[in-house]
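The structure appears below as structure tokens.
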Amino acid sequence: LSDSENRDVSRILHGIGDFERISDHALNLSEGAREAYEKGITFTDAAQRELSVMFRAVSRALEMATEAYNRQDMALAQRVEPLEEVIDNLGDKLKSRHIKRLSAGLCTVETGFVFADLLNKLERIADHSSNLAICVIELDNDEYNVHEYAKRLEHMDEYAEMLKAAAEEFSLAEQP
């Protein structure tokens, strides 16, 4: 294979696993939603608003990663990891807020399990979206080391700016 073909094959092989896992988590999300609906499980208005923010952020990460992967768009791929970090932080905040609602008697333990499961699956989709974007970036440099890439990001001013913008866009500040 030529160098270009070799990069294409490597990108495809790395991407297949992430796309498969994303689809598995999406299927599990739909099955969980159906089960919650059938059991009559509902979330508080606050939990619904918070989940809406999380869904929008994860959808954006997945869209950007898929487009970056398909077009081999380095600039777009670089925007995914800061958003993934914001999603991780959102997940932590949402879990904490849900525990407070649970402690206040505003929801049930069963609802808490469903909520945590949804967050877990959404965070995994974001993780695999990030992997796809990193694949685009690293294979363009003839490398593929997710952890080394993440370490390098911490020292980039542009990363900090993208992180701040993503955090502002998907803020829970207006949420109670």
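Structure above, values below:
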{"read-out": "Filtered residue count, the range 8-65, keeping only those that are outside any helix (DSSP H, G or I) and surrounded by fewer than 18 Cβ atoms within 10 Å (Cβ to Cβ)", "value": "4"}
{"read-out": "Any hit, the range 64-86, residues being without any contact (Cβ under 8 Å) to a residue 60 or more places away in the chain and within 12 Å of the chain's Cα centre (by Cα)", "value": "yes"}
{"read-out": "The range 33-66: number of residues that are modelled with pLDDT of 95 or more, more than 16 Å from K93 (Cα to Cα) and of a type in the set (A, V, I, L, M)", "value": "4"}
{"read-out": "Enumeration of residues in the range 1-47 that are touching a Ser or Thr at 6+ places or on another chain (Cβ under 9 Å) and aliphatic (A, V, I, L, M)", "value": "I22, A36, I41, A47"}
{"read-out": "Residue, farthest from N131 (Cα to Cα), within the range 18-34, restricted to residues that are without any contact (Cβ under 8 Å) to a residue 60 or more places away in the chain and not hydrophobic (A, V, I, L, M, F, W, C)", "value": "R34"}
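The values are calculated or read from the model by the stated rules, or taken from the named source; none is laboratory data. Just so you know, these numbers come straight off a predicted model, no measurement behind them. Here the Cβ is made from the backbone with ideal geometry for all residues, glycine too, and neighbour counts use every protein chain on show.
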